[in-house]
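The values are calculated or read from the model by the stated rules, or taken from the named source; none is laboratory data. Just so it is clear, the structure is predicted and the values come from calculations on it, not from any experiment. Backbone-built Cβ (ideal geometry, glycine too); neighbour counts: all protein chains shown. Areas reflect the complete protein model, heavy atoms only, side chains present, ligands, DNA and RNA absent. Shrake-Rupley method; radii C 1.70, N 1.55, O 1.52, S 1.80 Å.
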Amino acid sequence: MTGDATSPEAGRSGAGSAPRRAVVAGWDGFIGRRVVDALAADGYAVARVGRRGPDATWSDAPALARAIDGADLVVNLAGKRVDCRYVDRNRDEILRSRLVTTRALREAIAGASAPPRTWLNASTATIYRHATDRPMTEADGELGTGFSVDVARAWEAEFLAGDLPGTRRVALRMAIVLGGPATDKLAALARFGLGGPQVDGPWFRHRRYRGIGPHPTPAPEPWHRTRGRQRFSWIHVDDVIGAIRFLVDERPDAPGATLTGPVNLAAPNPSDDRRLMAAFRRAVGAPIGLPAYRWMLEPAMWALRNEPELLLKSRWVLPGRLEAAGYAFRWPELEPAVRDVIRRGRAAARSGGEGRADADSQADGIPLTA
């Protein structure tokens, strides 16, 4: 099983025994659905938690406690999606939805008579600073400032708060995941003819990236002279599932089962923006790719209801702990990974697709002070 993204043996019980139980919160996003399918294939009985259930809802604390008590594994992916404009309403909900759901799970685990052995909680590689000088690992990465970083800091602090002696906790610092909404936005830019390098530059001042939460940090620098050489760390959705399986493997000799705290989920070969957009141009068959200067990119991303930070921040993240533990990536190189997700997207469109969830979880029914 170790390092194998496709093995179905990770959660199987012995012959004649009851199936292991897993709880997946935020199951209705594109990653969450893949996690549910993978755990079910591995022999888990999966309880799904979200604002609409079906097995427990955020507003029903007793049902959530029953789902958690006796479970072997909890995977939390809940939170409003970040592919939106960072207006005040969205900023507040991005933070709130992560904190209240994580807190609700932590309190349910703390009160369980048989707490889960492992709790994997989503986080983000955007927690690191804009980096063009060196890559960031869990051991030596430097945290950044501003809205996205403050959300990640507060999220991890809520996740790691308190004492849960019977539960191993791992924060999944995910890079941009290929195979979902981020892929759609990048492919759209390439199809629109804006598949060249994304070039940062001056723009009108705004407050969307200012800090948030109890200890807001200063907004990051308004622009950088990267000229399309900003780094782009990514991970194929298959390797998100593979890394999760690696981390929950409970065989005595499984190295992933000893990891705790932050773990970077990022492919070992990050790209830069120029190579990234060239790969998308080739994958979608776009004959040209004009450079997108910031004055062009701002209105384009406004029309796509997204933030230029997606392309202009230099994310240079390496999977230090996963590689040291022996995880073998199924998709370590960018070009074949991009071709694969574009091919799958076209196949899904021809067959009607499985659709996109509007959000992994909006945490309806839980007040911020819960």
Checklist entry - Which FRET efficiency value, to the nearest 0.05, is calculated for residue 191 and residue 114 with the Förster distance at 41 angstrom and r the Cβ-Cβ distance? => result 0.20
Checklist entry - Which value, in Å², gives the accessible area per residue of the chain when a 1.4 Å probe is used on the protein heavy atoms? => result 41
Next on the checklist: With unit charges on the beta carbons (Lys and Arg positive, Asp and Glu negative) and the dipole taken about the Cα centre of the range 202-248, which residue among 224, 248, 202 sits farthest to the positive side?
Outcome noted: 202
Item to check | Along each principal axis, Cα extent of the chain, largest first, Å | outcome: 60, 42, 41
Checklist entry - Can you give the relative contact order of the chain as a percent, counting alpha carbon pairs under 8 Å and 6+ residues apart? => result 24
Next on the checklist: Need one number: nm distance between label points at residue 323 and residue 161, each 7 Å from Cα along Cα→Cβ, rounded to one decimal.
Outcome noted: 3.5
Checklist outcome for this item: Sorted by chain and number, the residues with a modelled amide H under 5 Å from that of residue 45, at a separation of 5 or more or across chains, are 20, 21, 22
Checklist entry - Rounded, prolate or oblate: which one fits the range 183-323, using the alpha carbon gyration tensor with axes a ≥ b ≥ c (rounded when a/c is under 1.5, else prolate when a/b beats b/c, else oblate)? => result oblate
Next on the checklist: On a full-extension model of 0.36 nm per residue, what is the gain between residue 333 and residue 133, subtracting their alpha-carbon distance, rounded to one decimal in nm?
Outcome noted: 69.9 nm
Next on the checklist: I need the peptides 205-217, 34-46, 313-325, 67-79 ranked by packing, meaning the mean over residues of other C-beta atoms within 10 angstrom, with the highest value on top.
Outcome noted: 67-79, 313-325, 34-46, 205-217
Item to check | Environment charge at residue 272 (Cβ cut-off 9 Å; Lys +1, Arg +1, Asp -1, Glu -1) | outcome: +3
Checklist entry - What would the Debye formula give as log10 I(q)/I(0) at q = 0.14, 0.23, 0.27 Å⁻¹ for the alpha-carbon point model of the range 33-94, no solvent? => result -0.52, -0.99, -1.15
Checklist entry - Where both residues lie in the chain, what percent of DSSP beta bridges are antiparallel, nearest 5? => result 10
Checklist outcome for this item: Within the under-9-Å Cβ sphere about residue 138, not counting residue 138, Lys/Arg +1 and Asp/Glu -1 give a net charge of +1
Next on the checklist: Suppose each label sits 7 Å from its Cα in the direction of the beta carbon; what would the residue 305-residue 223 distance come out to in nanometres?
Outcome noted: 2.8
Checklist entry - Is the range 86-151 best put as rounded, prolate or oblate by its Cα gyration tensor, with a ≥ b ≥ c the root eigenvalues, rounded for a/c under 1.5, and otherwise prolate when a/b is larger than b/c, oblate when not? => result oblate
Checklist outcome for this item: For the chain, the accessible surface attributable to carbon and sulfur atoms (probe 1.4 angstrom, ligands and nucleic acids excluded) amounts in percent to 53
Item to check | Overall form of the range 194-263 per C-alpha gyration tensor (a/c, 1.5; a/b vs b/c) | outcome: oblate
